[in-house]
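*Asks:* Could you have a look at this structure, given as structure tokens, before my questions?
The values are calculated or read from the model by the stated rules, or taken from the named source; none is laboratory data. Remember, predicted model here, so these are calculated numbers, not experimental data. Every residue, glycine as well, gets a Cβ built from its backbone with ideal geometry; the counts of neighbours run over all protein chains shown. Note: accessible area is taken over every heavy atom of the protein model, side chains too, but ligands, DNA and RNA are not part of it. Shrake-Rupley method; radii C 1.70, N 1.55, O 1.52, S 1.80 Å.
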Amino acid sequence: MERFAFKGVASNLVTYLTDVVQMSNSSAAKTVNSWCGFTSMLPLLVAPLADSFWDRYSTILTSSFVYVLGLGAVASTATIWTWSPPSNKSSPAFLFWSLCLISLGQGAYNPSLQAFGADQLDHDEELPSSKDDKSSNKKSLFFQWWYFGVCSGSLLGVILMSYIQDTFGWILGFAIPMFAMITSVAIFTCGNRIYAYKPDKSIDSKPFQNILQVIKVTASKLVNGRIRINLPDDKSDVGELELQEKPLCDQKFGSNGGFDGNPRNKTYLLENAKIVLRLLPIWAMLLMFAVIFQQPATFFTKQGMTMKRNICRNFKIPPATLQSAITLSIILMMPLYDKVLIPITQIVTRNQKGITVMQRMGVGMFLSIIAMIIAAVVETKRLEISRKMSSLESETVELSIFWLLPQYVLLGISDIFTVVGMQEFFYNEVPVRMRTMGFALYTSVFGLGSFLSALMISVIEAFTSSGGRQSWFSDDMREDGLDKYYWLLALASTLSLLFYAIFSKFYTTTSELENGNCK
């Protein structure tokens with residue numbers, strides 16, 4: 001229901017900005033990208049607080065209130081502008097502040113909700129080691145079907161709300177997501193008595209404070225050679241910590257995700273910090289996938305507005321509705337992935353999961369490149385037809401909008417591999433007490449990818465429009481250069497996939513470290 005509410009606003013926002021707020025195509029695309037980026041980056045700021053100071057259940061309830069407040073504010077802008085169009089700067093500014101409230105609410109809500117859901121299975125981690133594989137499979141299935149539910153809500157939001165917004169207006173189109181979110185919170189609170197709460201009474205309940213403390217200790221150690229600090233579990237007990245030259249590779253991870261589980265051992269905390277830092281190369285190589293992920297809600301939608309959209313004489317497909325092809329392909333293909341593809345790959349690779357999580361992400365990145373190549377070819381064809389038409393004719397070209405379906409479907413299939421793989425990867429590769437941060441790292445890929453997409457648009461627009469030339473993102477869809485932009489994204493993503501394969505080859509997973517395979 002949360003995904004229904006968010007997609008009900010985000011999927012058609014570019015149309016709202018161009019048609020109601022009267023922004024240019026490039027400005028609207030950059031605004032949507034920047035907002036999505038801001039929304040996805042906020043969990044990085046909120047997750048440390050949720051992990052260290054707040055419990056996840058309280059975070060979910062508080063953030064959902066902010067979320068509903070933001071949705072209500074966006075709906076109010078549509079109500080106001082029905083009678084008074086946004087003719088001054090203050091009106092659009094109120095819309096942007098309303099969107100920021102949604103970002104703030106979702107930034108705390110999403111990672112906390114998903115981590116809270118995964119907490120319901122955390123009793124599996126207390127099983128004997130002989131059942132570790134079974135526990136891992138349960139978590140893998142959880143992430144797959146969690147994403148299935150997310151996509152189901154997104155599908156309904158895209159199809160239903162884009163149609164309502166284009167047909168019945170923006171007031172109803174923004175009010176329905178607000179009431180959907182209110183309903184979801186009411187349903188969530190009904191499960192109070194059956195949830196498995198994880199009150200954190202361990203010494204590592206504030207991992208970020210401990211990691212910052214270790215960084216401070218290490219820096220002082222390098223300067224002074226030795227430092228006395230107050231340990232977190234006993235303020236009166238002053239201990240002397242010495243930096244060891246070699247990690248304790250022979251020791252097993254404790255239940256809290258560190259070495260030997262002893263909070264008095266500085267190596268335990270250092271390893272927690274090192275695990276997060278080890279993820280950065282993989283995290284960076286996923287950014288181009290996130291850039292491609294932004295295209296359906298921006299330029300794909302603007303393309304669709306210029307194409308033939310009639311199904312019958314009196315019905316036109318809202319361009320944003322095609323985004324539902326992504327989620328629909330995920331919903332249809334995910335059971336096939338679980339029941340057909342995995343058993344086949346298990347036979348070939350002799351791996352219980354069929355393919356590893358990192359291989360899964362790589363396959364998705366490859367499919368996204370193919371999707372951009374197809375998008376470039378279709379856009380080239382659209383431009384050819386458009387430029388042959390007289391300037392007095394309608395902007396709509398005689399090319400069916402369904403020619404865009406293959407790129408949408410391929411992006412949906414790539415999501416099954418990459419997005420679900422990313423959720424499992426970041427969840428498993430961080431210490432147990434930092435699981436909310438793990439989800440924040442996953443969402444931050446799309447956050448920074450959105451900002452990177454907006455930056456690329458600005459740089460390319462400045463470069464291609466110099467000397468009086470027509471920008472690749474021209475408001476005149478007959479003269480744009482979106483085909484070149486798509487080819488550029490395909491090339492950049494290919495390079496990113498190449499480096500990803502290199503980094504993956506040398507990456508050591510947490511499970512391998514647990515088995516003593518330290519490098």
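*Asks:* Would you mind stating whether Ser390 is open to solvent by 10 Å² or more (accessible area, probe 1.4 Å), among the small types (Gly, Ala, Ser), at pLDDT 75 or above and assigned by the TED database to the domain that holds Ile369?
*Replies:* On the way: open to solvent by 10 Å² or more (accessible area, probe 1.4 Å): yes; among the small types (Gly, Ala, Ser): yes; at pLDDT 75 or above: no; assigned by the TED database to the domain that holds Ile369: yes.
So Ser390 fails the test.
*Asks:* I need every pair where a residue in the range 277-300 that is not assigned by the TED database to the domain that holds Gln407 has its Cβ under 8 Å from the Cβ of a residue that is part of a helix (DSSP H, G or I), sequence separation at least 6 or different chains.
*Replies:* none
*Asks:* Read through the list (1) open to solvent by less than 10 Å² (accessible area, probe 1.4 Å); (2) at pLDDT 70 or above; (3) closer than 25 Å to Val430 by Cβ, then give the number of the only condition that Asp124 fails.
*Replies:* Among (1) open to solvent by less than 10 Å² (accessible area, probe 1.4 Å); (2) at pLDDT 70 or above; (3) closer than 25 Å to Val430 by Cβ, the lone unmet condition for Asp124 is (2).
*Asks:* Kindly evaluate Ile413 against the criterion of being at pLDDT 75 or above, under 24 Å from Ile330 (Cα atoms) and either outside the structural domain of Gly107 (by the TED database) or open to solvent by less than 30 Å² (accessible area, probe 1.4 Å) (or both). Lay out the reasoning, then the answer.
*Replies:* Values: at pLDDT 75 or above: yes; under 24 Å from Ile330 (Cα atoms): yes; either outside the structural domain of Gly107 (by the TED database) or open to solvent by less than 30 Å² (accessible area, probe 1.4 Å) (or both): yes.
Criteria met by Ile413.
*Asks:* Give the residues of the range 305-320 that are buried (at least 22 other Cβ atoms within 10 Å of the Cβ) and either modelled with pLDDT of 80 or more or part of a helix (DSSP H, G or I) (or both), sorted by residue number.
*Replies:* Taking the range 305-320 first, the residues buried (at least 22 other Cβ atoms within 10 Å of the Cβ) are 307, 318-320.
Result: Met307, Pro319, Ala320.
*Asks:* For the range 474-487, give me the residue count where each residue is out of contact with any helix residue (DSSP H, G or I) (no Cβ under 6 Å at 6 or more places or on another chain) and over 16 Å from Pro296 (Cα atoms). Show your work before the answer.
*Replies:* Here is the first cut: in the range 474-487, the residues out of contact with any helix residue (DSSP H, G or I) (no Cβ under 6 Å at 6 or more places or on another chain) are 474, 476-477, 479-481, 484-485.
From the residues that got through so far, the ones that are over 16 Å from Pro296 (Cα atoms) too are 474, 476-477, 479-481, 484.
Of the residues in the range 474-487, 7 are out of contact with any helix residue (DSSP H, G or I) (no Cβ under 6 Å at 6 or more places or on another chain) and over 16 Å from Pro296 (Cα atoms).
*Asks:* Can you name every residue in the range 491-519 that is open to solvent by less than 80 Å² (accessible area, probe 1.4 Å), modelled with pLDDT of 90 or more and either more than 15 Å from Met361 (Cα to Cα) or of a type in the set (Lys, Arg) (or both)?
*Replies:* Passing the criteria: only Ala492.
*Asks:* Let me spell it out: the conditions are (1) modelled with pLDDT of 80 or more; (2) in contact with a Leu (Cβ under 9 Å, 6 or more places away or on another chain); (3) open to solvent by 10 Å² or more (accessible area, probe 1.4 Å), and Leu95 meets all of them except one. Which number is the exception?
*Replies:* With (1) modelled with pLDDT of 80 or more; (2) in contact with a Leu (Cβ under 9 Å, 6 or more places away or on another chain); (3) open to solvent by 10 Å² or more (accessible area, probe 1.4 Å) applied to Leu95, the lone miss is (3).
*Asks:* Taking the criterion of being open to solvent by 20 Å² or more (accessible area, probe 1.4 Å), at pLDDT below 80 and under 25 Å from Ala376 (Cβ atoms), would at least one residue in the range 453-465 satisfy it?
*Replies:* Yes, the range 453-465 has at least one match.
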